[in-house]
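Each reported figure results from applying straightforward, stated rules to the coordinates on display, with no laboratory input. Predicted model only: the values in this text are computed from it and were never measured. Here the Cβ positions follow ideal geometry from the backbone for every residue, glycine too, while neighbour counts run over all protein chains shown.
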Amino acid sequence: MLRRIKPLSLALLPFKQSLRLLVTKSPHRYNHKNYSDNDNDNPYERKQKTKNVGAECSIYLHKSRGQHILTNPRVLDAIVRKAELRPTDTVLEIGPGTGNLTLKLLEVAQKVVAIEIDPRMIQILNTRLSEHGLQDRVTVICKDALKAEFPHFDIIVANIPYGISSPLIAKIVFGTNTFRSCTLLLQKEFARRLLANPGDSEYNRLAVNVKLVADVKFVMDVSKRDFVPCPKVDSSVVKIHRKGEVPGVDINEWWAFTRTCFSKKNKTLGATFKQKRKVVELFKRSQMIDVFEENGVEQYSFDDRDEEDEKDDEGECSLVCLEMAMSLFKDKIVGVLKAGEFEDKRPSKLSNEELLRLLTLFNQAGIHFHHQAKRKDEFVVTYATT
């Protein structure tokens, strides 16, 4: 049976020992949508009741929305210290909640830009800032962090909602904003995946993509008991620095390539790329513009404008020619894997340098993983000349 959430006293918020908060037994996930005062997704979760009584505010926290407030002042101080802030810094904080970390950041940095999706949290945050006379040093943006356009900032420090960790980190490291570093509080398991290296059981596409453009460093672990309401898992703090120089690779091509390789990360690349479905998929994406010239293959595009008496013959010819082209294309793929000595290797063991080398070999052979911009409107097949 679900229990009604009791209000959290903001005046006592930094001291967990003094908190009394009961939460619903809802799944630990972040419900990614806009919240309003009339939002009432769960009949057992009361909608917002924020009140101002002197310096106190009360709010119902929803576990189902990923609203876990970090309350341990020593952990908050450690995060700010590890972020290595400067007095002139503008800090981007995503998901400030009720402002515990925000107030700590303002003890060191000049300004904070806070992006928060829940207007209830913003109301309490603004109240606390006003009480401390800090409202002029904080810009609050009430938007979804995944959709919001980030303003100028020097550094990121945030306890981000676990449910949007992956797309948010992608937006940060592959975005256009320049920044010195990014210190994030993440779910411990997610952090381990982000930190994983080739050969580790946690090594995955996320780590491969992020480490193409950034370096990730472990900072410290944070107990789940330091949050209210208490989540089911512990957390970790990581620090991300963008690399000064990144490989000159098309990002869309790289993402599509790693998606293919890590669909079965412990399977050999030879087994993955020899699958008929994968060959057909790559065949379509690669367009086959000049791939088969060395084998005496020409292009032939067809549509429904042929004469009636020619349709059957040309249809049969097209199918035969398509099968021949597919066979040649598969041989091309296998040839690339053998030439680079990748046929028996597994993605879970390969470094970024090795993966980049393999992608280069594929592209040089005319094999592409992302739809090319020059793709024609009509379907193109190839056939062998006699």
Subject >> Derived scalar couplings ³J(HN,Hα) [segment 130-147; Karplus, 6.51 cos²θ - 1.76 cosθ + 1.60; whole Hz; x for Gly, Pro] >> reply: 5, 4, 9, x, 10, 4, 6, 9, 10, 10, 9, 10, 8, 8, 6, 4, 6, 9
Subject >> Summed side-chain charge close to residue 99 - residues other than residue 99 whose Cβ falls under 13 Å, Lys, Arg +1, Asp, Glu -1 >> reply: -1
Original post:
Nearest 0.05, what FRET efficiency do residue 143 and residue 202 give at R0 = 45 Å with Cβ-Cβ as r?
Top reply: 0.90
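Using a Förster radius of 56 Å, what is the FRET efficiency between residue 84 and residue 331 based on their Cβ-Cβ separation? Nearest 0.05, please. Write down the numbers at each step before the final one.
Details: r = 54 Å, r/R0 = 0.96.
Plugging the Cβ-Cβ distance into 1/(1 + (r/R0)^6) gives 0.55.
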**OP:** Would you work out which of 90, 236, 73 lies farthest towards the positive end of the dipole of segment 69-242, given +1 charges on the beta-carbon of Lys and Arg and -1 on that of Asp and Glu, about the Cα centre?
**Re:** 236
**OP:** Calculate one ³J(HN,Hα) per residue across segment 360-367 by plugging θ = phi - 60° into the Karplus curve 6.51 cos²θ - 1.76 cosθ + 1.60, and present them in order as whole Hz with x for glycine and proline.
**Re:** 4, 4, 4, 4, 5, 8, x, 9
Original post:
How high is the FRET efficiency from residue 221 to residue 351, r the C-beta distance, R0 25 Å, rounded to 0.05?
Top reply: 0.40
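Using a cut-off of 12 Å between beta-carbons, work out the net charge of the residues near residue 111 (Lys and Arg +1, Asp and Glu -1, residue 111 not included).
Values: positive: 86, 137; negative: 89, 93, 136, 154.
Overall, the nearby charge balance is -2.
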Subject >> Net dipole in debye of segment 134-262 [+1 Lys, Arg Cβ; -1 Asp, Glu Cβ; about Cα centre; nearest 20] >> reply: 200
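Using the number of other C-beta atoms within 10 angstrom as an exposure proxy, rank 362, 174 with the fewest first. Before the final figure, lay out the partial values.
Working: 362 24, 174 16.
Lowest count first: 174, 362.
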Original post:
What list do you get for 98, 178, 127 if you sort them by fewest beta carbons within 10 Å?
Top reply: 178, 127, 98
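For 368, 68, what ranking results if the residue with the fewest other Cβ atoms within 10 Å of its Cβ goes first?
368, 68
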